[in-house]
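Read the figures in this text as sums done on the coordinates, not as results from a lab. Just so you know, these numbers come straight off a predicted model, no measurement behind them. Positions of Cβ are generated from backbone atoms using ideal geometry, with glycine treated the same way; all protein chains shown enter the neighbour counts.
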Amino acid sequence: MKLEQLQLKTDYLNFDEEFFHKVAPTPLKDPFLISANELLAKALHVSKEELYTKEFISLINGTYRLKGSDPFAMCYAGHQFGYFVPRLGDGRAINLGSLNGTHLQLKGSGLTRYSRQGDGRAVLRSSIREYLMSEAMHALGVPSSRALGIIGSDEDVARERWEKGAIVLRVSSSWVRFGTFEYFYSKKKYDKLQELADYVLQESYSEFVGRENCYLLMFEEIVKRTAHLMAHWQSIGFSHGVMNTDNMSIAGLTIDYGPYAFLDDYEFDFICNHTDSEGRYSFGNQPNIGYWNLGVLLNALSPLINIEKGKEVLETYSLFFIQKYHTLMCAKLGLDATKDYGKLIQWLLNIMQQDAVDYTLFFRTLSEYETKEEITQLFISKARINEWLDTYEKEIRPFTCKQTMKNVNPKYVLKNYMLQEAIEKAQNGDFSLVNDLLHVAQNPFDEHEALTRFAKATPHQFKALTLSCSS
C-alpha cells in the first residue's frame, strides 16, 4: 500500500481539549533518511518502496500529512523519581493518528504545549538508540513500541554540546500512560477519568467491555502485564533507567527508551542512568518499582474501583512476576519450569556476580557447550561454577534440545558500546552500522559473521557505560 492510500484515525480527539493539544510538527532543516524498517512496514501493510521516497522523509519531518491525520500532543502527569509532577505531557512527541489500531507518533518533532523548558527536539544519538533498541526488544519477544523510520538533518540542537537534530517515527498499540490517569485524578475530574478508562478498555482491554467490575478487571490485567514485562526485562538483562509513572505504558509495553542498557557483566545493582544517584531505577530494583508504580495507578483509579479489592489485585503482582520470571529463566537453562529451580537460578546469578561474567555470553555459551571448559573459562573461580554445573547437569532434561535453548538465548544484544560506535559513525555521516545493527536487532539469535566481535564479552574499557536522560 502506498502512503497516499493510508487512512488514519484520531479517536483520541473525541475527548475534550484538556486531554490533548492540537499542534503541527516543526520541520527540521534539510532532512534525510537514515534508516527505514522494512519488517515493520510489511506488518503495517505499507509497501517497502514507499520507505525510500521523498514523501516518507516528509512524513517523518511533518510536512506530508496522511489522510485523516490531525496532529496532537497528549497531556499527562507523573511521578518522576518518586515525586509527583502535576502536568507533563508530550513535550517532544506529536501523534499523527492510528492505522489499524497502531498509533503513529513523531519523536523530536518540535515544541508543544507540554515542552516546558525543553526545545521539543531529539538529537541523533538518542534517536538512533530508540530506533534500534525498540526493534531489538520486539525481536526478543518483549512487549514494546517499535519504530518505522528515522531521519537526520542539518539542524543544530543544544544538549551538553551542539548536536544534530533527528526525528523517529515510532508506533505503539497505545500511548496512554499511568500518568495519564494521574493527571485527571489529581484534578479531581473523575468524569474525565472514567472517559479515559473507557477509552483504554476499548483500545487495549476490549475483552472486559460491558463486564461487571470492568475497571477492576482491567487493573488486574495491567498488573499481570506489568509483572510479566518486568520478568522479561530481568530475564534478558535489560535496565530501563527511568521508570517514572509517565514512562509506564497502560498496555504493558516497554516505551520511552532513554538511558537504558543491557547488562555487560551480571550486576544486580547496576545503574545505567547517571542522574539516578540513589539507584531508584537500578536493574535489580525494577520489579519493586513496577509494583510501586502500580500502587500509584491504583490510587488514580480509586474513584472507579473498590480500593480494597484493588489492593487484593495489586498483591497478586509478586506471584505473576515470580511465575513468569521462573518460566523464562528455566527456558534459558533448558529446565522443566513445572519444577522449582529458584535456588539453582539464584545460585548461578550469585556466582556470575562474584566473577563478573558477561550475562548474555554465558547463557549463549550454555546453549552450545560440549565440554565444561567452555563454560568455566568465563569464570574466575572454576571450583564454584564446576559445582553448580555438576548440579545443573543432573537436573537438565536428557532430551533438552540445544537449539531450543539457542532460540531463547540471543547471541547478540545491543549493548551501549555497540550503539555508541554506530552513533559516532553516524555523526560523521556514515549510517552503515546503524543499518547493520538493525539487521542484528531483528535477528538476535542468528549468526552474523561480519559482526562476531559483538557476540563476545564487552571490552573492559566499554563496560558499564552510564547515560543521561537526554540519551
FRET efficiency estimate (nearest 0.05) - Cβ-Cβ, A158 to Q80, R0 25 angstrom: 0.70
Those lysines that a straight Cα-Cα span of less than 22 Å connects to K187, excepting residues fewer than 8 apart in one chain: K22
Residue range of the chain that is longest and free of GluC sites (Glu not before Pro) which are both DSSP loop and sparsely packed (at most 14 other C-beta within 10 Å): 19-159
Modelled FRET efficiency - R0 60 Å, Q353 with E4, Cβ distances, 0.05 increments: 0.65
Given charges at beta-carbon only (K, R positive; D, E negative), |dipole| of the chain in Debye: 360 debye
Equivalent-ellipsoid semi-axes of the stretch 260-395, from the Cα gyration tensor, Å, largest first: 35, 20, 10
The chain, Rg to Rh (Cα coordinates; Rh as Kirkwood inverse mean 1/r): 0.97
In range of the label at K309: residues from the stretch 191-216 whose backbone nitrogen is under 11 Å from the point 7 Å along Cα→Cβ: 212-216
Average projected area [Cα convex hull, the stretch 351-455], square nanometres: 7.6 nm²
Per-selection Rg to Rh, the stretch 178-323 - Cα, Kirkwood hydrodynamic radius: 0.99
Relative contact order of the stretch 136-260, defined on C-alpha pairs under 8 angstrom at six or more residues apart (%): 29 percent
Radius 12 Å from Cβ of R121, net charge of other residues (Lys, Arg +1; Asp, Glu -1): +1
Relative contact order of the chain, pairs being alpha-carbon contacts under 8 Å that are 6 or more residues apart, as %: 15 percent
Listed pairs K224/K382; K67/K224; K107/K425 exceeding 28 Å between Cα atoms: K224/K382; K67/K224
Restricting the stretch 128-178 to trypsin sites (Lys or Arg not before Pro) in coil, as DSSP defines it, with at most 13 other Cβ within 10 Å: R161
Restricting the stretch 421-471 to trypsin sites (Lys or Arg not before Pro) in coil, as DSSP defines it, with at most 10 other Cβ within 10 Å: K456
Alpha carbon centroid spacing (whole Å) that separates the stretch 200-231 from the stretch 418-471: 36 Å
Hydrodynamic radius (Kirkwood) for the stretch 52-148, which is based on Cα pairs only, to one decimal in Å: 14.9 Å
Residue-averaged [θ]222 nm for the chain, counting only DSSP H segments that reach four residues, each worth -39500 (n - 2.57): -12500 deg cm²/dmol
Filtered trypsin sites (Lys or Arg not before Pro), the stretch 3-98: DSSP coil and at most 11 other beta carbons within 10 Å: K29
Extended-chain gain in nm, criterion 0.36 nm per residue less alpha-carbon gap, A383 and K402: 4.4 nm
P(r), alpha carbons of the stretch 83-240 - 10 Å bins starting at zero, rounded %: 9, 30, 37, 20, 4, 0
Over the stretch 3-172, volume per residue of the alpha carbon convex hull, in Å³: 122 Å³
